[in-house]
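Presented below is the structure to which this report refers.
The values are calculated or read from the model by the stated rules, or taken from the named source; none is laboratory data. In this text, all values refer to a predicted model and were calculated from it rather than measured experimentally. Methodologically, a virtual Cβ is constructed for each residue, glycine included, from the backbone with ideal geometry; neighbour enumeration extends over all protein chains shown.
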Amino acid sequence: MFSAFEHTVRPTTGTAPGTGPGCGSGTGSGTAYSIVVVPAGAAGPSDQIRLAPGDRLHFGRCAPRPDGGPGQPARHLHIPHLGVSRSAGEIVAAGTHWALSNFSPASTYVVENPEGAGEHIKVAPGRVGAPVPFEFSRIVLPAAGELIDFAVWAPRHDYVSGVPDDGSGEPTALAFPLDRDKRYFLVLAALCEPRLRGTPHAPLPTVDAVAERLRPVWPGANRAAVQWNIDYLAVKLRLKPAPDSADAGPRLNGKKETLVSLALRFDLVREEDLEALVVAR
């Protein structure tokens, strides 16, 4: 992808050197930043732009014109590429997430989750305030046959400390009851590994490749054993009925792809689960 950022934008008070009017202004020390924008080619923290809740960052080929109102001039991320709109969009920081506005009249922007094995959202032309929930994001802008990107981090995540429960009624059944100590989970982890290693659209390993991958930690792994576990996972995750059921259902084509898509979509297998496969390398 094209590294579009010739100028350094710094999160300091006033205008950052070399960025032009309206670029790089920030609040003073002690501000509780919640969003960090990382331009392509940023060398370190000094090149990052930190946004507090309510802060706005305009991005595009030209800085926005001052409206004459009070306060600091608009903060701006300069993208000097003729394929990018003069006023391409805006990022607005919230406490635990951020929103993206697409000012382009024709181009759809894509926000990718680099840790999400292909997870992404699309922001249509003219869409304002599209919320982005990812902790790590990559904004991708189409620009005259090239793709330009920069990163946005949302490191603040709040979680409920406890859910009130009076103890009455039946306990909630697990949606996907997987035992990480079982061989079927090793098979599922091996299937998901290429896409969890940072290649969202990587082809899935063959059954023989999975058997070879697992043999150091599971000496009895072979084609038949791996295929049995894949079939078992399809039933366990309710992708198809059990073989002894009255209605066996239609044949499940693309079984591996369906299993991996489900596992990655609901975080049934995470990158840390691949540690069980490390000794197999």
Inspect region 129-139 for any residue being within 30 Å of A52 (Cβ to Cβ), modelled with pLDDT of 90 or more and basic (K, R) and give the result as yes or no.
yes
Somewhere in region 198-207, is a residue of a type in the set (G, A, S) and assigned to a loop (DSSP other than H, G, I, E, B)?
yes
Within region 7-64, residues among the basic types (K, R) and modelled with pLDDT of 80 or more come out as R50, R56, R61
If P177 meets every condition in (1) free of Cβ contacts under 8 Å to residues at least 24 places away in the same chain; (2) assigned to a loop (DSSP other than H, G, I, E, B) apart from one, which number is that one?
(1)
For region 208-217, name all the residues that are free of Cβ contacts under 8 Å to residues at least 40 places away in the same chain and either aliphatic (A, V, I, L, M) or under 27 Å from E112 (Cβ atoms) (or both).
A209, V210, A211
Filtering region 142-197 for residues that are under 22 Å from V235 (Cβ atoms) and modelled with pLDDT of 90 or more leaves a count of 15
Among the residues in region 184-197, are any part of a loop (DSSP other than H, G, I, E, B) and within 20 Å of L268 (Cβ to Cβ)?
yes
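Restricting attention to region 206-218, does a residue exist that is loosely packed, with under 10 Cβ neighbours inside 10 Å, within 29 Å of K236 (Cβ to Cβ) and not assigned by the TED database to the domain that holds L57?
Here is the first cut: in region 206-218, the residues loosely packed, with under 10 Cβ neighbours inside 10 Å are none.
The answer is no, given that none of the residues of region 206-218 is loosely packed, with under 10 Cβ neighbours inside 10 Å, within 29 Å of K236 (Cβ to Cβ) and not assigned by the TED database to the domain that holds L57.
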Would you check which residues across region 234-281 are basic (K, R) and either in a helix (DSSP H, G or I) or modelled with pLDDT of 75 or more (or both) and list them?
K236, R238, K255, K256, R265, R270
Within region 213-231, residues being of a type in the set (A, V, I, L, M) and under 32 Å from the mean Cα position of the chain (by Cα) number 4
In this structure, is A224 part of a helix (DSSP H, G or I), modelled with pLDDT of 90 or more, loosely packed, with under 12 Cβ neighbours inside 10 Å and not acidic (D, E)?
yes
Based on this model, can you work out whether P171 counts as under 30 Å from W218 (Cβ atoms), over 13 Å from the mean Cα position of the chain (by Cα), not β-branched (V, I, T) and not assigned by the TED database to the domain that holds V84?
no
